[in-house]
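The structure appears below as C-alpha cells.
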Amino acid sequence: MSKKTLPVSHERMAELASKLPTPFHLYDEKAILENARAFKDLFSWAPEFVNFFAVKACPNPNIISRLARLGFGGDCSSLPELYMAKASGIPGERIMFTSNDTPDEEFAEAMRMGAILNLDDISHIESVKRACGKLPKTICFRYNPGPDRTGNAIIGNPVEAKYGVTKDQLLDCYRIARAEGVEHFGLHTMVASNELEGDYIVETARQLFTLVVKIHNELGIDIEFIDLGGGIGIPYRPEQERMDLAYVSENIHRLYDEMIVPLGLRLKITFECGRMITGPYGYLVSRVRHVTHKYKDYVGLDSCMSDLMRPALYGAYHHITVVGKEDRPHDHKYDVTGSLCENNDKFAIDRMLPEIEEGDILVIHDTGAHGYAMGFNYNAKLKHAEYLLKKNGDVAMIRRAETYDDYVATLRFDGAEVKI
Ligand SMILES: Cc1ncc(COP(=O)(O)O)c(C=O)c1O
C-alpha cells in the first residue's frame, strides 16, 4: 500500500490554493532530494554510479540543478533539453543524449557540448560522421532485444518499437565505431516504462551484462558503462507497492560479481530514471468550477488534460484528494473533467469521492513527472505555474503561468512574406 498524503497540512494546502491562482503544480523539494539521495546510496557499491535524470520528465532547471548538485546527470532527447541540462549545471560528460530520429545538427551540438551520444540506429554512425566530421571518443548504442523481451503497455513490445539497434546489428555497431576511432563504449537499453516489478529491471541488467561479456569475448572491446534506461514505475494507485529498489540493487550487484568481476572490468552502472525521482512528489492543485448532473455526475475543474495528459493518453490512474474532506465517506461517483472540447478530457472516470461542491480544492497526486511537461495548448489553454515547496516550508514560483501574449508570441499577424 502507498498511502496518498499531501506534502503540507490540509489547512496550508487550502491557504496556498486561496492565495495562488489555480491550477498550479507544486513540487516537494525535500521529498525529491531525499528520494534521489536514497536511490544513489543504494547503488553506492557500483563504480561511479550515476542516474541521468530524464529531463523530459520534469524540465525545470530549478529541480534539475538541485539533482545535479547531488551528482545526477541529465538524459536529453532534444537540443532544447541539452541546453536545459547545461543551464542546470550538468557538465557535458554527465549528459546522456538518448534521442531518436535525431537531426544532424543536434548530434553536432551534443558532441560540441561533450555529451555522450547514445545512438539509436546503426545508420546513425554515418549521420554523426556527416554531422561532426568524425565520431566522438565515447559512444553508446541503444539496444533493442526484439523477441527476447516483452515490453509493457506504455513502451510497447520491443519487436514493434521504433527504438534501438537489433541483436544482429549490435556487434557491427561496436566494430565499426572502433574502426572509426571510438575508444570508450557504453551499452543502453530501455524495455519497460512505469514498471513496478523489480525482477524486470534485474533481468534487464542480466541481459546487458550478457552482452558486455559477449562483446568482450568476441570483439575484445570492454564496455565501460551500461545504461539501464528509465522505466522504474511508481505506485499511482494506493493499493500498489513501490518497487523494492534495495532488492533490485542487491540482485544487480550479485550478477555483477558473477558476470563482470571475473572479466576484470570496471563497468559503471547508470540509469535514466525520471518518473521515480520526481513523480510522487508533484501535485496538480485545482479548483472545482462546476458540479453538474447529466446522465452521469461530473466535477468540472479549472485544469484540463493540457495540465496532465496521462489519464487521457494512457487511461492512467491518478489519485485525487478533496482537501478537507479526506475523512468523509467516499460515497459519490463522479467523472472528474477538464474544460477541453474533448470528451476524453477526464482526470478520473467513475471515481468514488466525497460529495463535492463548487470551490472545493482537488489535489491530483503523482504528477511530478511527465505531468506539466506533456502539456500542450489545444483550445488555447494557457499553461499554469509551477511552484516549489522548499525544505523550510516556503513556496517559490519556479515557472510563471503563460499569458495570452506568450501564446501569440510566435504568430505573425501581418502574414510576413517569406522569401524562398
Ligand atoms: C529514452 C528514455 N530514457 C528515460 C526515460 C524516462 O523514463 P521514466 O521517467 O519512466 O523513468 C524515458 C521516458 O520516456 C525515455 O524514453
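Structure values in brief
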read-out: Any pair with Cβ under 9 angstrom, 6 or more apart, that starts in segment 256-276 at a residue that is in the same structural domain as Val212 (by TED's automatic domain parsing) and closer than 30 Å to Pro59 by Cβ and ends at one that is basic (Lys, Arg) and within 11 Å of the ligand (Cβ to nearest atom); value: Gly274/Lys56
read-out: Conditions (1) assigned to a helix (DSSP H, G or I); (2) at pLDDT below 95: number failed by Asn100; value: (1)
read-out: Condition met for Thr367 (within 16 Å of the ligand (Cβ to nearest atom) and either surrounded by fewer than 20 Cβ atoms within 10 Å (Cβ to Cβ) or under 28 Å from Lys294 (Cβ atoms) (or both)); value: yes
read-out: Options Ile215, Ile234: the member that is in the same structural domain as Leu265 (by TED's automatic domain parsing) and within 16 Å of the ligand (Cβ to nearest atom); value: Ile234
read-out: Helices (runs of 4 or more DSSP H) wholly inside segment 178-278 that include at least 1 residues being surrounded by fewer than 19 Cβ atoms within 10 Å (Cβ to Cβ) and among the hydrophobic types (A, V, I, L, M, F, W, C); value: 198-219, 245-255
read-out: Lys296 basic (Lys, Arg) and either surrounded by 18 or more Cβ atoms within 10 Å (Cβ to Cβ) or assigned by TED's automatic domain parsing to the domain that holds Cys76 (or both); value: no
read-out: Failed condition for His330, given (1) within 16 Å of the ligand (Cβ to nearest atom); (2) closer than 21 Å to His10 by Cα; (3) surrounded by fewer than 17 Cβ atoms within 10 Å (Cβ to Cβ); value: (1)
read-out: Residue tally, condition without any contact (Cβ under 8 Å) to a residue 60 or more places away in the chain and within 16 Å of Asn62 (Cα to Cα), over segment 393-420; value: 3
read-out: Condition check for Tyr317: over 26 Å from Leu382 (Cβ atoms), aromatic (Phe, Trp, Tyr) and out of contact with any Ser or Thr (no Cβ under 6 Å at 6 or more places or on another chain); value: yes
read-out: Residue in segment 256-268 that is within 16 Å of the ligand (Cβ to nearest atom) and either of a type outside the set (Gly, Ala, Ser) or over 23 Å from the mean Cα position of the chain (by Cα) (or both) present; value: no
read-out: Sole residue being part of a loop (DSSP other than H, G, I, E, B), of a type in the set (A, V, I, L, M, F, W, C) and under 30 Å from Tyr27 (Cα atoms), chosen from Ile90, Ile122; value: Ile90
read-out: Residue match in segment 370-384 (condition: part of a loop (DSSP other than H, G, I, E, B), within 18 Å of Pro23 (Cβ to Cβ), within 26 Å of the chain's Cα centre (by Cα) and aromatic (Phe, Trp, Tyr)); value: yes
read-out: Set Asn118, Asn157: member being under 30 Å from Met309 (Cα atoms) and exposed (fewer than 15 other Cβ atoms within 10 Å of the Cβ); value: Asn157
read-out: Filter pass, Ile116 being within 16 Å of the ligand (Cβ to nearest atom), touching a residue at least 60 places away in the same chain (Cβ under 8 Å) and not acidic (Asp, Glu); value: yes
read-out: Any chance Asn100 is within 16 Å of the ligand (Cβ to nearest atom) and surrounded by 16 or more Cβ atoms within 10 Å (Cβ to Cβ); value: no
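The values are calculated or read from the model by the stated rules, or taken from the named source; none is laboratory data. Quick caveat: nothing in here was measured; it's all calculated off a predicted structure. For neighbour counting, all protein chains shown are included, and Cβ atoms are generated from backbone atoms with ideal geometry for every residue, glycine included.
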